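The values are calculated or read from the model by the stated rules, or taken from the named source; none is laboratory data. Note that the coordinates shown come from a computational prediction; the quantities given were computed from them, not determined experimentally. So basically every Cβ, Gly included, is an ideal-geometry build from the backbone, and we count neighbours across all protein chains shown. The accessibility values were calculated without ligands, DNA or RNA, using every heavy atom of the protein model including side chains. Shrake-Rupley method; radii C 1.70, N 1.55, O 1.52, S 1.80 Å.
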Amino acid sequence: MGDSILGKWCISALVLMVIMATTTQAGNIPITIVQSAKTSGAVCLDGSPPAYHLERGSGSGIDNWLVHMEGGGWCDDIESCMERKNTYKGSSLKMEKTMGFSGILGSKQAANPDFYNWNRIKIKYCDGSSFTGDVAAVDPKTNLHFRGERVWRAVIDDLLAKGMKSAKNAILSGCSAGGLAAILHCDKFNALLPPSANVKCVSDAGYFIHGMDVAKGFEIGNFFGRVVALHGSAKTLPASCTSRNKPELCFFPQYVAQTMQTPLFVLNSAYDFWQIKNILAPSAVDKKGSWKACKLDLKKCSPNQLQYVQAFRGQFLNALNSGAGSKPGNGYFINSCYAHCQSGSAVVWLADKSPVVSNTKIGKAIGDWFYGRMVSRRIDCPYPCNPTCAKIESDS
């Protein structure tokens with residue numbers, strides 16, 4: 001991968017960050033392997049069938065469905081995909097057999113009052129393309145399968161057959177690469193559900209911007225372009241976007257959101273630490289490591305570096321306003337915490353340590369938006385103004 005924006009860091013550190021950010025409560029929700037998916041070639045990087053975890057709804061939530069897509073970076077060349085292939089990010093054979101849910105997927109009413117009794121699903125991520133790949137050919141030398149789009153559809157079809165085809169309320173959500181996937185698949189998801197259903201999408205830390213880096217380049221665009229090319233994603237990305245833009249641009253939410261029809265909620269930090277590390281000051285640009293300390297802790301940034309960081313916030317808000325923010329039915333919660341993925345942890349979602357913007361916590365903001373209780377658009381003041389961020393940053 002050479003000077004790729006992510007390099008091997010994409011496979012290890014990003015995966016670790018997503019795991020830390022979406023820590024689940026201990027539980028025994030079993031894995032479901034979709035064996036039938038292999039007949040349509042809907043398989044993980046290594047050729048194994050896709051998988052998900054499902055906790056059934058009850059009571060008033062029996063006909064409501066929340067489908068959450070796991071995150072964990074991308075692979076943009078054969079080397080990086082080979083590294084993923086023999087891990088749980090590329091093979092269902094390596095995935096945990098049981099897990100617990102928390103945050104937006106939590107089952108305790110006090111901790112998740114709006115969605116606790118819904119049918120709640122976590123789709124396991126094993127393709128490295130935000131569920132967009134669709135290449136028919138398989139090189140026998142590598143045995144890599146680039147079939148993320150087929151994986152997504154196979155899992156959704158399995159859930160439709162298990163009752164989701166009669167959904168009254170439904171949410172497609174995800175974190176990080178899964179949060180991007182929620183945006184890229186949002187309208188498709190809506191089209192597969194009953195016309196009478198209330199369908200919306202939630203992207204957590206998935207609003208990756210086509211941002212300028214400290215060298216005044218767009219290294220993230222080069223990286224996403226390689227992902228799209230390798231996985232054959234151009235034909236599966238939203239046609240409403242690719243009809244107007246180059247395919248690689250349609251891997252960026254700011255362009256896709258402009259033509260989306262389904263309501264979208266964006267949960268993101270304006271100082272998302274993955275984006276600061278990999279879009280603003282990627283290693284391919286920061287070859288001398290002068291940004292290393294700053295990227296680990298914003299308190300260690302020099303005055304000049306902080307100016308770049310604050311300017312990045314401006315880039316992010318511009319991308320939000322021109323994309324998701326341009327649609328009146330959309331909502332957003334943009335805080336100033338140096339964080340990445342905030343919906344999967346009970347502590348961050350709706351608890352004492354949850355960050356607050358305009359006197360509102362994340363879980364409340366998203367619930368208000370989904371049920372139309374109030375307009376839910378909140379943008380935090382610039383870093384380091386929000387003292388509630390310290391509660392989660394100290395735990396990260």
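General remarks:
- Restricting LYS85, LYS38 to residues that are among the basic types (Lys, Arg), over 30 Å from SER166 (Cα atoms), over 18 Å from the mean Cα position of the chain (by Cα) and open to solvent by 10 Å² or more (accessible area, probe 1.4 Å) narrows the list to LYS85.
- The condition (being in contact with a helix residue (DSSP H, G or I) (Cβ under 9 Å, 6 or more places away or on another chain) and surrounded by fewer than 19 Cβ atoms within 10 Å (Cβ to Cβ)) is satisfied by just one residue among ALA293, ALA257, ALA281, ALA270: ALA293.
- From the list GLY225, GLY217, GLY211, the lone residue that is surrounded by fewer than 19 Cβ atoms within 10 Å (Cβ to Cβ), farther than 26 Å from VAL151 by Cα and more than 17 Å from the chain's Cα centre (by Cα) is GLY217.
- Of the residues making up segment 365-383, those that are at pLDDT 95 or above and either open to solvent by 90 Å² or more (accessible area, probe 1.4 Å) or touching a Pro at 6+ places or on another chain (Cβ under 6 Å) (or both) are TYR371, ARG373.
- Any chance ALA136 is of a type outside the set (Asp, Glu) and part of a loop (DSSP other than H, G, I, E, B): yes
- Identity of the residue in segment 310-332, of a type in the set (S, T, N, Q) and in contact (Cβ under 8 Å) with a residue 60 or more places away in the chain, that ends up nearest to GLY372 (Cα to Cα): ASN330
- Scanning segment 130-145 for residues that are farther than 13 Å from HIS231 by Cβ and among the charged types (D, E, K, R), we see that the one that is most open to solvent (accessible area, probe 1.4 Å) is LYS141.
- Qualifying residue in segment 167-181 (condition: in a helix (DSSP H, G or I), farther than 17 Å from GLN254 by Cα, charged (D, E, K, R) and open to solvent by 30 Å² or more (accessible area, probe 1.4 Å)): no
To keep it simple, each residue is scored yes or no on (1) within 18 Å of GLY323 (Cα to Cα); (2) in a helix (DSSP H, G or I).
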site: CYS241; (1), (2): yes, yes
site: LYS288; (1), (2): no, no
site: CYS294; (1), (2): no, yes
site: GLN307; (1), (2): no, yes
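- Checking the stated criteria, GLY90 turns out not to satisfy the condition of being surrounded by fewer than 21 Cβ atoms within 10 Å (Cβ to Cβ) and either in a helix (DSSP H, G or I) or in contact with a Leu (Cβ under 9 Å, 6 or more places away or on another chain) (or both).
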